[in-house]
Each structure stands twice: as structure tokens, then as C-alpha cells.
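To keep things clear, I will list the structure first and then write my remarks on it.
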Amino acid sequence: MFLQVTISYTDVTIIGAGAAGIGIAVQLTKLRIDFIILEKDSIGSSFKKWPKETRFISPSFTGNFFKMPDLNAITPDSSPAYTLLTEHPSGKEYATYLENVAKHYEIPIKTGQQVKKLIKKEDLFEIQTQNQTHKTKHLIWAAGEYQYKKQGNFKGSKHCTHNSEIKSFKELKGEEYIIIGGYESGFDAAIHLAKTNKKVTLLDSHNHIDLVNSDSSYSLSPYTRDQIKKQAEKIEYYTNARVKEVKQNKQGYEVTLESSKKFQTKNKPINATGFDSSLKLVKEHFEFEKDYPLLTEHDESTTTKNLYLTGPQVKHENALFCFIYKFRQRFGIITKKIAEDLNVNKEEIDELVQELKEYNFYLEDLSCCENECEC
Ligand SMILES: Cc1cc2nc3c(=O)[nH]c(=O)nc-3n(C[C@H](O)[C@H](O)[C@H](O)COP(=O)(O)OP(=O)(O)OC[C@H]3O[C@@H](n4cnc5c(N)ncnc54)[C@H](O)[C@@H]3O)c2cc1C
């Protein structure tokens, strides 16, 4: 029996229907560019996979029409606070917001299309999914990080539950838990477990409580700090506690730090050391410096022409675009470059860029990211 493989074409293809994929799709729609989104599951699928109790740390507030768009909005004219009537949406709620935006702008999406391979043949990309070959001239990679868990930070990580595998903290039955990783995900797990009266040991390889930085990408959010204060008595917090190894033994699991200090627990430790990147699927099309891909000023791969990256892996020098309010400011940069290549009317492009600039949705001058708050 032969599997039927269909072949299709669009000028532009976006991989992934998350916050970045839907967000940039709206801008392409405004210029009537021919495109499609290929998505492996459904719209907002990463958000739907968050633990039930986890909520946005960045607050939503409808300031849009005073030119201060909701921090979690992916377009200047929409607001999760307005749609969802909450300040800190859950993942499931935020996916509803993304579905609303996609419906409103009639975004073309093919779901159930998991990209397996990307080949560049002369001027065209050939995108292979399980049952389709799709050809395109411009490709925007928006497949995110969340569904690609980081495993290899320490020996024996296979004995841990990665925090992205937890459906609800209430489902964890043990009395005490060790959490490895003391940044947002680690504290999120600690707070929710403490709320259900578990004894929590949190191993932070740094000291994130004392680290305060003007850039929200490098410092715990005020929302998380408020939650920690309420649960502090139930959380045993260790700083500079870098884990070397996790071993399974008769009593459960032994966690050893680089300092040789040992902890014993009956329950699988929770690995909250972060995510890998979907870019590992297409790594041959990018150059990397440390963990981040090198990008041109238009967020295009430095090695593969017409391949763009949007979303939280975008980094230029110290400017890390890992929050929605940050990476949404690059949608217009990519849209403009592609629209020019496709000979879209210049006045229409200028009009779109002007509108995005008015709403702080268009960031080209990255010198702003060097500043520290005065107080
Ligand atoms: C617990 C947690 C809390 C967070 N809180 C905040 C917050 O408060 N504020 C904030 O701004 N950010 C927050 N973030 C970060 C934010 O969620 C991400 O930056 C955002 O989801 C990135 O959007 P994205 O569209 O790039 O990726 P995703 O939302 O992961 O979307 C990627 C899409 O691509 C699809 N996909 C993946 N691989 C393939 C493939 N091979 N083929 C086809 N499709 C594929 C996925 O199914 C998914 O739908 C948080 C993240 C986590 C994990």
C-alpha cells in the first residue's frame, strides 16, 4: 500500500500556530500575501499543554487604544484581558484568545501537519510532513520551544519528570518533591505544589531570588515573587545548588549536587531546567553561537536565504525576545522584508509599518535593550 503524498505551494509558509505564528500571520494577511500555516496539532497547542494551574506571569490589561497594547497581545488591536476577562490567563485560556484572533483574521491553517524535514532546492523550500510535500519561497519558523524539552543538563535526567509533562500539579500524589531549576518554571512548580501542602525542596543553580535586573528576561517576575512570598514557609530553597546526578535507589531517588551534597526523595524529581528548541529540527539551515541562531537584521538565517525565525529564540546581542511583548515587535520587520521581495505595493507596506510603529509593535533600534531602570 502506498501513502498518498500531496504537493502544494504558497509564496510564504509559517511553521507553527502558536503566539508567534498566528501573530506574524495577521501582518501577512494585512498585505494580502499568499501564505499558509502548517501546524502539527492545533492552534495554541503548546499553551493547551501547560499544567492546568500555570498562569501567565506578564499581566494583561487593555491599554490598546491609548497606544499601550496589552502586554500579551499578538496584534495591536486585540487584548487577552478584553477577550478572557483575566489579568493572568491560564494556557488554555490564552489558546482561546489565539483561536479568536485566527478566526477573526481568517488565517489559513493546515493542522495535523508535523514538519519532519526541510530541504532547500535552488530558490524553493521543500517542507516534508508525514503526508505532504509543501513548496514555498519564504519560510518563517515559528515552532517554539515548549514541546522540545531539555533533558541533558545533568546525569540521570531520565529519572525525572520534566515540568512540561505535568498536566496538573494536583495529580502529583507524593508528600514531598525535589525541584531542579530555580527560574520561572521551577518556582511555578514549587508554588503550586506548596499550595497543595507538599513539602518542596527547590534546587537553584544560581540565586534567582536575589538577582534583580531591569530586563524581564533575566529576572523573576513580580507576579512570581508575590506568589513565592505567600508559600515561602513551605519551600526549602537552596542557592548555588547545581545538580550533578540523579540516581534511582531502593528508597526512591538520590540527587547529588556538584558540591557533593545529597538529597533523598521518594518521588521522581521535577526537572525544571528549561526547554530545548524546535530549531534542532532544522539546525543545518542556521549558524549558532552558544544556544542561539545567528540572524540578520531582518531575523533571517545568516546561512539560508529566505528562512526567517520568529518567537522566543530570537536574540540579537543582549536583546533576548523571549516574551510575547518582545518578539511581537519583530513581526513587522520580517513582514516588510518578505513583502518587498514579493513586490507588494510600497505605500501599503509603509502604511503597515507606520501603524505598527505607532503601537510600539515595531522595534529596529535595539540600543533600547541596553538600558537599566533608574529606580
Ligand atoms: C510556563 C510558561 C509560562 C510562560 N509565561 C509567559 C508570560 O507570562 N508571558 C510571555 O510573554 N511569555 C510567557 N511564556 C513564554 C511563551 O509561552 C512563549 O514565548 C510562546 O509560547 C512562544 O510562542 P511560539 O509561537 O514561538 O511557540 P509555541 O507557543 O510553542 O507554538 C509553536 C507551535 O508550533 C507547533 N509545532 C512545533 N513543532 C512543530 C513541527 N515540527 N511541525 C509543525 N508544527 C510544529 C506547536 O504545536 C505549536 O503550536 C511562558 C512559557 C512557559 C512555558
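Values as computed for the structure displayed
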| read-out | value |
| --- | --- |
| Relative contact order %, the stretch 157-271, counting alpha carbon pairs below 8 Å whose residues are six or more apart | 33 percent |
| Reach of Lys261 by Cα under 24 Å, taken over lysines that are not fewer than 8 positions away in the same chain | Lys150, Lys155, Lys158, Lys198, Lys199, Lys234, Lys244, Lys247, Lys250 |
| Amide H contacts under 5 Å for Leu202, placed H, 5+ residues apart | Ile179, Glu236, Tyr237, Tyr238 |
| DSSP beta bridges in the chain [antiparallel fraction, %, rounded to 5] | 45 percent |
| C-alpha long axis of helix 91-104 to longest principal axis of the chain, angle in ° | 10 degrees |
| Computed E for Gln248/Lys170 - FRET, C-beta separation, R0 25 angstrom, nearest 0.05 | 0.50 |
| Total charge dipole magnitude, the stretch 266-351, about the Cα centre, Cβ charges on Lys, Arg, Asp, Glu only, Debye to nearest 20 | 720 debye |
| For the stretch 198-270, size of Cβ-based charge dipole, Lys and Arg +1, Asp and Glu -1, in debye | 500 debye |
| Inter-part distance where the stretch 270-284 and the stretch 143-190 are each reduced to a Cα centre, Å | 14 Å |
| Rounded tilt (10° steps) of 222-231 against the dominant C-alpha axis of the chain | 20 degrees |
| Charge-dipole axis of the chain as Lys and Arg at +1 and Asp and Glu at -1 on Cβ define it, positive-most pick from Asn360, Val255, Leu307 | Val255 |
| Unit charges at the beta carbon, dipole of the stretch 157-271: most positive-side option, Gly182, Ala241, Gln264 | Gln264 |
| Prolate/oblate/rounded call for the chain, Cα gyration tensor, a/c under 1.5 rounded | prolate |
| In order through the stretch 21-28: 3J(HN,Hα) via Karplus (6.51 cos²θ - 1.76 cosθ + 1.60), integer Hz, x for Gly, Pro | x, 5, x, 6, 4, 4, 5, 5 |
| Gain on full stretching of the segment that runs from Asp11 to Phe66 - 0.36 nm per residue minus C-alpha separation | 16.3 nm |
| Average accessible area per residue (Å²) across the stretch 157-271 - probe 1.4 Å, nucleic acids and ligands excluded | 52 Å² |
| Calculated FRET value between Asn267 and Tyr82, using beta carbons and R₀ = 41 Å, to 0.05 | 0.50 |
| In sequence order, calculated HN-Hα J values of the stretch 328-343 (Karplus, 6.51, -1.76, 1.60; Hz; x Gly/Pro) | 5, 6, 10, 4, x, 5, 5, 4, 4, 4, 5, 4, 5, 4, 8, 6 |
| Cβ-Cβ FRET estimate between Asp123 and Thr302, R0 fixed at 25 Å, reported to 0.05 | 0.85 |
| Computed helical MRE - 222 nm, the chain, DSSP H runs ≥ 4 contributing -39500 (n - 2.57), nearest 500 | -6500 deg cm²/dmol |
| Positive dipole terminus of the chain, leading residue within Pro76, Gln132, Ser8 (C-beta point charges) | Gln132 |
| Histogram of C-alpha separations across the stretch 157-271, 10 Å bin width, % | 14, 48, 32, 6, 0 |
| Dipole magnitude of the chain, debye to nearest 20 (Cβ charges: Lys/Arg +1, Asp/Glu -1, about Cα centre) | 2180 debye |
| DSSP bridge pairs, the stretch 157-271: antiparallel proportion in percent, nearest 5 | 45 percent |
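The values are calculated or read from the model by the stated rules, or taken from the named source; none is laboratory data. Keep in mind that this is a model prediction, so the values were computed, not measured. Cβ coordinates were reconstructed from backbone atoms using ideal geometry, including for glycine residues, and neighbour counts include every protein chain displayed. Protein only, heavy atoms only, side chains kept; ligands, DNA and RNA dropped before computing areas. Shrake-Rupley method; radii C 1.70, N 1.55, O 1.52, S 1.80 Å.
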